[in-house]
Every structure is written in structure tokens, then in C-alpha cells.
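Working notes, structure below.
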Amino acid sequence: MKDVSQKDRELNLPLSTRAGEKPRLQIGNSTWEPGTVAMIGGPCTVESRAQVLEIASAVKDAGGFMLRGGIFKPLTFPYGDPLARPDRGESEEGYDRSKLLAKSDMLATAERRLGYLKEAGERTGLPVVSEILYADTVDLMSPYVDMFQVGYRHMFNMDMIEALARSGKPILLKRHYGESLRSLLGVVEHFFVRGKTNLAVCERGVATSHTHNTHSRAIFDIQVIPAIAEQAPTVPIFADPSHSTFTRSFVAPISLAAVAAGADGLLIDVHGDPETAWVDPLQALNYKAFAKLVRDAEKVAAVIGKRLA
Ligand code: PEP
Ligand code: MN
């Protein structure tokens, strides 16, 4: 790769670009092993206890490895924050999607829904991953999650890096759509130099001029997967075809391409009734589509000598 020179590696990226094998990642009671593909499914947003319990058992039955579920949503627009909305199935009388709540007013709802997520994980035996939005919620979230997701918007958030580096839990670090692999490895270096090595990075698409079209929010950067394998062989790379394609019919093909390219895991939005999902209804897979994706991913993984986690 042109943008990571040998000198750069020695000076700026000595830890993240070192030679070696990927580590095993302990995620709750489960272990991700190198050579396996972790199928992660779940709702973009936890909407109710019943919703996440149902999705978790569908993910488990399909052969999933881990449950994802968003609680804190980094919304592009301030309106309609799920944490201001009553749980799915409850009365929405009096709910005003344009009313902003302060973070402090959302924490009780967040903790209640984190409880749903944890219960869903415990009932199915799946570890859970959820995005952290505020660095000062590591302690609040820790009893409920097995892995912290860092969304693309927070890739360079130093408060977050410091706080998460002190946590024993593994991290799923997304690359911002406008950032190079070199910059992503710079953030990995920040974690490694702090002694935090139980992390995986996640590709969720890059913006190009073409992505101003309606067909795509970002272009999934397939070649970053072999690039990481060459430049940073000890860093597992997962793929998020849901948030990069933003388009339901693209999710399976891009997922399989990512597995073929060597991705170590897939993060997939799954919903019982995708069209009605509170957030990102255009991209979620229903249970049947997720189950098929798991079976197909297993076949593609086998072609390159890998198996499902
Ligand atoms: C998500 O995974 O729910 C999410 C919001 O991801 P991203 O940071 O990639 O937008
Ligand atoms: Mn989403």
C-alpha cells in the first residue's frame, strides 16, 4: 500500500503493523478464534424487550455467534431519538419526536434497554455488542455488554480511546467513511500503546463522489480487507455491509464478498419486520434472509479454508 511506508511503520505504527498472528478474542463467555468468521446479527435499535428477545433467538437459531443491538444511536438528525420514544408496543400518546431530551434524561431508558439486550444474550447464550456514544458511560454499559462498538463518528474521540483502553472488554472499532487505513491503524496504535490489544476493526464503507447517488450511502471497501491482512496481520477485521450499503438487497452479496476477501466477522442488521424498524428500515434483513446468509457465508468461508465461529 502506497500510504504506509516502511519508515512510517517503524516510526508511527510499530505495534499495529507488527508481524504475527491474530489474537483470540474473549467476548463474554465465547471466544472468537483466528480462522473463523463471526456472524453477528441484531437490531439496529433495541425497541422493546419482546423485540430483542425474539431477534436474539432467531440469530441464535440461524447459527449466529453474537447479538448486536443499538441503544445509544448516533443520529444524523436530532429528531426521533429512540431513547425518547416509548418501547415498541407501548402507547405513544404524548410522544413528540421533535422534542429533544438531555443525555441525563435518557440514561434510565438506556439502562432499561441494555437490560433487555443482556437478557436476550443470556437466554440465547450469545455475547452482546452495543455502540458506546459517550465516553463517560463505560461504567454504565459495562455490566450489560460483552463488547463495545465504536461508531465511525468516534474513531478519533480521545476521551473514548482513553476510557475504553482501561476497560477489559473487547472493542469493535469502525473506520470512518472518510479515513484511510493508515489513520485507522493510527487509532489501533493508540489502543495498543496503552496495552489494549483485544480489539477488532470494522469496515463500513468509504464515501466517494459516486455515493452522492441514491443507490448507496457509501462504497464498501473490499480491498481494505486484504490490505489489513498485509499491513496489520494481528488485527482482526470485521465487515458491516448493512451500514455501508444501506440497501437490503445489497447486504448478502457484499457480505459474501467480504467473507471471500478474508473478513473475520460480519455485523448485520436483523429485524423481525424490517420495514417497520425504528432506525435503518431499508437495510435490515428478516430472519429467513439472515439464516440464508449464515449458510452461504459458511460455504464461502470453506472455499478459503475458514469456518464459522
Ligand atoms: C450501527 O452499527 O448501528 C451504526 C450506527 O454504525 P455506524 O457507526 O457505522 O454508522
Ligand atoms: Mn443503523
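Per-residue ellipticity at 222 nm for the chain, helices alone: DSSP H runs ≥ 4 residues times -39500 (n - 2.57), over residue total, nearest 500 deg cm²/dmol?
The helix contribution divided over the chain gives -11000 deg cm²/dmol.
Cα centroid distance between region 65-88 and region 266-293, in Å?
Centre-to-centre distance over Cα atoms comes out at 15 Å.
What is the extension gain from residue 194 to residue 11, computed as 0.36 nm multiplied by their sequence separation minus the C-alpha to C-alpha distance, in nm to one decimal?
Taking 0.36 nm per residue and subtracting the Cα distance, the gain is 64.2 nm.
Just check region 90-169 against the gyration tensor rule for me: Cα atoms, a ≥ b ≥ c as the square roots of the eigenvalues, rounded for a/c under 1.5, and otherwise prolate or oblate depending on whether a/b exceeds b/c.
Oblate, since a/c reaches 1.5 and b/c is not below a/b.
Please report, in Å, the Rg and the Dmax of region 62-217, where both are computed over Cα atoms only.
16.9, 51
Please report the spacing between the Cα centers of region 122-161 and region 186-246 in Å, no decimals.
18 Å
Helix 248-261 versus the longest principal axis of the chain: what is the Cα-based angle in degrees, 0 to 90, to the nearest 10?
30 degrees
In percent, what relative contact order does the chain have, based on Cα pairs under 8 Å that are 6 or more apart in sequence?
Averaging sequence separation for qualifying contacts and normalising by length gives 23 percent for the chain.
Relative to the Cα centre, what is the charge dipole magnitude of the chain, using +1 at the beta carbon of each Lys and Arg, -1 at the beta carbon of each Asp and Glu, and rounding to the nearest 20 debye?
Here the size comes out at about 640 debye.
Could you state the angle between the C-alpha long axis of helix 287-303 and the longest principal axis of the C-alpha atoms of the chain, as a value from 0 to 90 degrees rounded to the nearest 10?
Helix 287-303 sits at roughly 10 degrees to that axis.
Pull out a ≥ b ≥ c, the square roots of the eigenvalues of the alpha-carbon gyration tensor of region 8-153, then state rounded if a/c is under 1.5, prolate if not and a/b is larger than b/c, and oblate in the remaining case.
It comes out oblate by the Cα gyration axes.
Using the count of nearby Cβ atoms within 10 Å as a rough guide to exposure, how do 235, 193 rank from fewest to most?
The most exposed by this proxy come first: 193, 235.
Net charge near residue 155: determine it from the other residues with C-beta under 10 Å of the C-beta of residue 155, scoring Lys and Arg +1 and Asp and Glu -1.
+2
Considering amide H positions built from the backbone, and no H for Pro or chain starts, which residues 5 or more places from residue 39, or on another chain, come under 5 Å of its amide H?
HN-HN under 5 Å from residue 39: 65, 66, 266, 309.
Could you work out the mean projected area of the convex hull around the alpha carbons of the chain, in square nanometres to one decimal?
Hull-based average projected area comes out at 15.0 nm².
Bear in mind that the values in this text are calculations on the coordinates, not laboratory data. Bear in mind the structure is a predicted one, so any value in this text is a computation, not a measurement. Note: ideal-geometry Cβ built from the backbone for every residue, glycine included; neighbour counts use all protein chains shown.
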